[in-house]
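The values are calculated or read from the model by the stated rules, or taken from the named source; none is laboratory data. On a predicted model such as this, the values are computed, not experimentally measured, just so you know. Here the Cβ positions follow ideal geometry from the backbone for every residue, glycine too, while neighbour counts run over all protein chains shown. What goes into the accessible areas is simple: the full protein's heavy atoms, side chains included, and nothing from ligands, DNA or RNA. Shrake-Rupley method; radii C 1.70, N 1.55, O 1.52, S 1.80 Å.
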Amino acid sequence: MRLLHSVWVRAALVVLGAVGVFAALWWHGPAWGGVADAFRAVEWRWVAAAVGLNLLSVLVRALAWRTVIVQAFEPPHPSFMLVFSAFSVGLFANAVLPGRIGELARVAVLNRRMRQPGAWARLLGTVFAHRVFDLVAVMGLIVYVMLTAHIPDWAVTSLIAVVVVGIILFTIAVMGARSDSYAGLEEGLGAVRKVVRLARYGLSVMRRPAAAALALLFQLLGWTCQLFAVYTSMRAFGIHEPLPAAGLVLVLMNVATIFPLWPGNVGLVQAAVALPLFTYYGVAKANGIAFGFGLQIIEASVGIGVGLLFLAREGLSVAMLRVMPDVAQADTPAREQSRAEALAETDAERARARLSG
């Protein structure tokens, strides 16, 4: 068990996993000449449509996050452009760095522009609330795919886990926001206690049904845009399958990236997309692999392209994203306020001492 805590051991396991995936694709995958031919036959007008839909999805999901932020803070509230900038930097970090650094990156970027005390903790809570709405949208997508398409057996366990976690988190979010008695969840949970406490500061939106419904609507619209982005990407690669096939691809892409072992989980995503398309829809493996790479490039082009623009606008670098503070470094607003009051009292005592001297 101690070996698993070693950074070098974990890095070696990730490298071995990546090598295994790429070896399997190379030896058991399609003829790579066919993959090249599939790229040469791409219809670029469909690619442009897919990029536009992905950009629209990002805009709408940023609106959902701002809706949550507005409920968690007193005026003045950050403008949509500031929220969109932070959200885009987070997408960029998730695309180019392993782990979910992007969630902390967007909090850190926006926190630099917030004037309210305790903004870091509240923003971290809004990310939690935003992800709760995300899970509701994902569960809707999963139900749609289960009713209209065939889900591979290897993905069923992961999807069941997503649905169960989503139901639990949504229930805790709603009940925790509406009843202070759920504050008892913070006691006796060790490291989890702080996460629960921070999450509660971002759940103000749950107390206002209209705002919660609006945030959820934006998230649903964002995922709908992503679904049609996948559908148009399939058209770009000559895959003329119905919308449920696009839903299956979107679900499996998210299953393949639940645990980002290396940037983008490249290779694993392509296998997760191509095999079901070949098995259930008769799509040639070469076309499926090419589509998997193309779809990931299309999605990354928005996250990386827009993210780089806003990263430069914020005066940040990729190296800075690697050292973003974590949850352990975030204080709750009450604690930050107490710290500020203590510092003020110390300053006052020093001033009195100087006067008496």
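Of all residues in the stretch 236-253, which are closer than 17 Å to Ile297 by Cβ and open to solvent by 10 Å² or more (accessible area, probe 1.4 Å)?
Phe237, Gly238, Met253
Given the residues Leu295, Leu309, Leu275, which is the only one that is surrounded by 20 or more Cβ atoms within 10 Å (Cβ to Cβ), at pLDDT 50 or above and assigned to a helix (DSSP H, G or I)?
Leu295
In a helix (DSSP H, G or I) and modelled with pLDDT under 90, is that true of Gly264?
yes
For the stretch 87-126, give me each residue that is β-branched (Val, Ile, Thr) and open to solvent by 10 Å² or more (accessible area, probe 1.4 Å).
Result: Val96, Ile101.
Among the numbered criteria (1) open to solvent by less than 30 Å² (accessible area, probe 1.4 Å); (2) within 19 Å of Met139 (Cα to Cα); (3) of a type in the set (Ser, Thr, Tyr), which one does Ser233 miss?
Condition (2) is where Ser233 drops out.
Any residue at all in the stretch 224-232 that's over 20 Å from the mean Cα position of the chain (by Cα), within 21 Å of Thr148 (Cβ to Cβ) and modelled with pLDDT of 95 or more?
Taking every residue of the stretch 224-232 in turn, at least one turns out to be over 20 Å from the mean Cα position of the chain (by Cα), within 21 Å of Thr148 (Cβ to Cβ) and modelled with pLDDT of 95 or more.
Every residue, every condition in (1) under 20 Å from Cys225 (Cα atoms); (2) without any contact (Cβ under 8 Å) to a residue 12 or more places away in the chain, yes or no:
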| site | (1), (2) |
| --- | --- |
| Leu268 | no, no |
| Phe278 | no, yes |
| Ala286 | no, no |
| Ile297 | yes, yes |
| Leu311 | no, no |
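Quick check on Val143: is it surrounded by fewer than 17 Cβ atoms within 10 Å (Cβ to Cβ) and at pLDDT 85 or above?
Values: surrounded by fewer than 17 Cβ atoms within 10 Å (Cβ to Cβ): yes; at pLDDT 85 or above: yes.
It is true that Val143 is surrounded by fewer than 17 Cβ atoms within 10 Å (Cβ to Cβ) and at pLDDT 85 or above.
So, in the stretch 55-86, how many residues would count as being polar (S, T, N, Q) and surrounded by fewer than 20 Cβ atoms within 10 Å (Cβ to Cβ)?
Number satisfying all stated conditions: 1.
For a quick check of your reading of the model, give me the residue pairs whose first member lies in the stretch 33-54 and is under 18 Å from Ile289 (Cβ atoms), whose second is aliphatic (A, V, I, L, M) and not in a helix (DSSP H, G or I), with beta-carbon atoms closer than 9 Å and at least 6 apart or on different chains.
Final answer for the pair search is Gly34/Ala284; Ala38/Ala284.
Of the numbered conditions (1) touching a helix residue (DSSP H, G or I) at 6+ places or on another chain (Cβ under 9 Å); (2) without any contact (Cβ under 8 Å) to a residue 40 or more places away in the chain, Phe291 fails exactly one; give the number of that condition.
With (1) touching a helix residue (DSSP H, G or I) at 6+ places or on another chain (Cβ under 9 Å); (2) without any contact (Cβ under 8 Å) to a residue 40 or more places away in the chain applied to Phe291, the lone miss is (2).
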